[in-house]
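Readers should treat all values here as calculations from the given coordinates under stated rules, not as data from a laboratory. The model shown is predicted, which means the values in this text are computed figures rather than measured ones. In this analysis, Cβ positions are derived from the backbone assuming ideal geometry, glycine residues included, and neighbour counts consider all displayed protein chains.
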Amino acid sequence: MNFERLEKSIGYTFKDKNLLKKALTHTSYAYENKTESNEKLEFLGDSILEYISSKYIYSNYKKLREGEMTKVRAEVVCEDSLYNVAKLHNFSDFILIGKSEANSGGNSKPAILADSIEATIAAIYFDGGLEAAERFIITNLKDAIAKSTRHVGMKDHKTVLQEKLQENGDISIKYTVIKEIGPDHDKIFTVKVEADGRELAIGEGRTKKAAEMDAAGKALEKLK
């Protein structure tokens with residue numbers, strides 16, 4: 001497979017192309033073809049990602065407290081965040097997966113794509129050193145970090161909605177999934193939020209929690 005398009009997208013050209021190939025090799029493909037998967041690279045990449053993101057947050061957001069820095073880091077090194085990086089660079093076009101996994105849309109699964117980002121970080125580290133890995137991480141996550149720092153310490157929409165609705169007494173607040181669309185690895189959930197049986201708003205998200213947050217946020221906008 002020619003990785004030139006991917007290398008151009010991520011801004012790094014590998015001296016050892018086999019390292020990149022290994023980073024993109026899922027266990028299902030490795031098993032079928034008796035080769036090494038990206039699991040060990042993923043393990044190391046996860047640690048490098050945590051270290052570099054921690055250092056960047058510490059150096060650039062000096063007003064954040066320790067707990068706030070931890071929250072920001074957790075938000076930007078999570079599966080959803082890494083999945084977005086993988087989508088940005090079209091990693092799904094290059095992932096090597098087994099036949100059975102391919103039949104279930106494996107090259108689009110958020111977990112597989114997120115893992116490939118961690119493995120690629122380790123591959124860049126081995127091929128070009130820590131500075132090269134750091135450039136890749138910060139280039140792709142600095143905007144997500146900045147966005148997260150703007151909201152850290154704030155209460156989430158569900159908590160704010162509950163407090164606002166219950167200012168003058170107990171009110172029953174209920175979130176209900178009313179629709180699910182898409183395959184298991186790429187679902188979109190639609191959730192409605194009700195207060196004492198009265199519908200307040202409807203939200204959407206890639207997880208039930210995200211859809212609930214979206215619904216709560218929309219309900220707060222209406223209440224304003």
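Show me the helices of the chain, taken as full DSSP H stretches, that run 30 Å or more along their long axis by Cα and average -1.0 or above in Kyte-Doolittle hydropathy. Provide the component values of the computation, followed by the final result.
Details: long enough: 39-60 (31 Å, -0.23).
Going by DSSP H runs, the hits are 39-60.
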Task: Alpha-carbon Rg/Rh ratio, for region 82-184, with Rh computed the Kirkwood way - done: 1.15
Task: Cα-based reach from Lys142 at 14 Å (exclusive), listing aspartates and glutamates while leaving out same-chain residues under 8 positions away - done: Glu50, Glu75, Glu134
Task: Square roots of five times the Cα gyration tensor eigenvalues for the chain, Å - done: 38, 23, 12
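Taking the Cβ of each residue in Met213, Met1 as the centre, tally the other Cβ atoms inside 10 Å and list the residues starting with the fewest. Numbers along the way, then the final one.
Values: Met213 19, Met1 11.
The order, fewest Cβ neighbours first, is Met1, Met213.
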Task: Cα coordinate range in region 144-192, projected on the principal axes (Å, largest first) - done: 42, 33, 9
Task: Translational diffusion coefficient (Stokes-Einstein; Kirkwood radius from C-alpha pairs) of region 69-137 at 4 °C, 1.567 mPa s, in µm²/s - done: 101
TODO: May I have the pair-distance distribution P(r) for region 24-81, computed from all Cα-Cα distances with 5 Å bins from 0 and rounded to whole percent?
DONE: 4, 17, 21, 17, 12, 10, 8, 6, 4, 1, 0
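At 0.36 nm per residue, and after removing the present C-alpha to C-alpha distance, how many nm does the segment from Ser9 to Glu36 gain when stretched out fully? Each step should come with its number before you reach the end.
Details: separation 27, 0.36 × 27 = 9.72 nm, distance 2.49 nm.
Extra length from Ser9 to Glu36 when fully extended: 7.2 nm.
So how do Val177, Val72, Val85 line up by other beta-carbon neighbours within 10 Å, fewest first? Don't jump to the answer; show the numbers that get you there.
Values: Val177 12, Val72 26, Val85 21.
Arranged by neighbour count, lowest to highest, Val177, Val72, Val85 become Val177, Val85, Val72.
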Open item on the list: On the principal axes of its Cα set, how long, how wide and how thick is region 157-223? Give whole Å, largest value first.
Closed with: 42, 19, 16
Task: Cα lying deepest toward the dipole's positive end in region 34-108, options Ser53, Leu82, Asn103, charges on Cβ - done: Ser53
Task: R0 of 25 Å, Cβ-Cβ distance Lys222-Lys179: FRET efficiency to nearest 0.05 - done: 0.80
Task: Shape call, region 121-172: gyration tensor on alpha carbons, a/c limit 1.5 - done: prolate
